[in-house]
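Report on the structure given below.
The values are calculated or read from the model by the stated rules, or taken from the named source; none is laboratory data. These figures come from a predicted structure and were not determined experimentally. With ideal geometry, Cβ positions are generated from the backbone for all residues, glycine too; neighbour counts draw on all protein chains shown. Ligands, DNA and RNA are excluded from the accessible area calculation, which covers all protein heavy atoms including side chains. Shrake-Rupley method; radii C 1.70, N 1.55, O 1.52, S 1.80 Å.
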Amino acid sequence: MKVLLINGSPHKEGNTHTALAEVAKALEADGVETEIFHIGNHAVQGCIGCYKCKETGVCVFGDEPYTTLREKVADADGIVVGSPV
């Protein structure tokens, strides 16, 4: 089993990362493979409601980090999203 933990904070090693690392540690203790993916300081194109993804299976905006994140999400059995409050 593999769980992807997404760090939505602009601070790569901040409090959100620390919280996700604790979750990862607990999961790994149970034999679950984990990966923390930092996305917080990358520009992410918002959805424009064109529905091309419904036709093609992928977003028309094929930029980074979307393509990398999409691959990681497809490969994961579980997802945990961390976001600063």
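Does Glu71 satisfy being without any contact (Cβ under 8 Å) to a residue 40 or more places away in the chain, touching a strand residue (DSSP E or B) at 6+ places or on another chain (Cβ under 7 Å) and open to solvent by 60 Å² or more (accessible area, probe 1.4 Å)?
Working: without any contact (Cβ under 8 Å) to a residue 40 or more places away in the chain: yes; touching a strand residue (DSSP E or B) at 6+ places or on another chain (Cβ under 7 Å): no; open to solvent by 60 Å² or more (accessible area, probe 1.4 Å): yes.
No.
Of all residues being surrounded by 13 or more Cβ atoms within 10 Å (Cβ to Cβ) and in contact with a Pro (Cβ under 8 Å, 6 or more places away or on another chain) in the stretch 38-55, which is nearest to Gly78 (Cα to Cα)? Just the residue, please.
Among residues in the stretch 38-55 that are surrounded by 13 or more Cβ atoms within 10 Å (Cβ to Cβ) and in contact with a Pro (Cβ under 8 Å, 6 or more places away or on another chain), the one nearest to Gly78 (Cα to Cα) is Ile39.
Looking at Glu28, Glu35, which is the one that is open to solvent by 50 Å² or more (accessible area, probe 1.4 Å), at pLDDT 90 or above and not in a helix (DSSP H, G or I)? Before the answer, list the steps.
Numbers: Glu28 fails: not in a helix (DSSP H, G or I).
Glu35 is the lone residue from the list that is open to solvent by 50 Å² or more (accessible area, probe 1.4 Å), at pLDDT 90 or above and not in a helix (DSSP H, G or I).
Based on what the data block shows, is Val85 within 18 Å of Leu20 (Cβ to Cβ) and either part of a loop (DSSP other than H, G, I, E, B) or touching a Phe, Trp or Tyr at 6+ places or on another chain (Cβ under 6 Å) (or both)? Can you show your working first?
Numbers: within 18 Å of Leu20 (Cβ to Cβ): yes; either part of a loop (DSSP other than H, G, I, E, B) or touching a Phe, Trp or Tyr at 6+ places or on another chain (Cβ under 6 Å) (or both): yes.
The answer is yes for Val85.
List the number of the failed condition for Met1; all other conditions in (1) without any contact (Cβ under 8 Å) to a residue 12 or more places away in the chain; (2) open to solvent by 60 Å² or more (accessible area, probe 1.4 Å) hold.
The one condition Met1 does not meet is (1).
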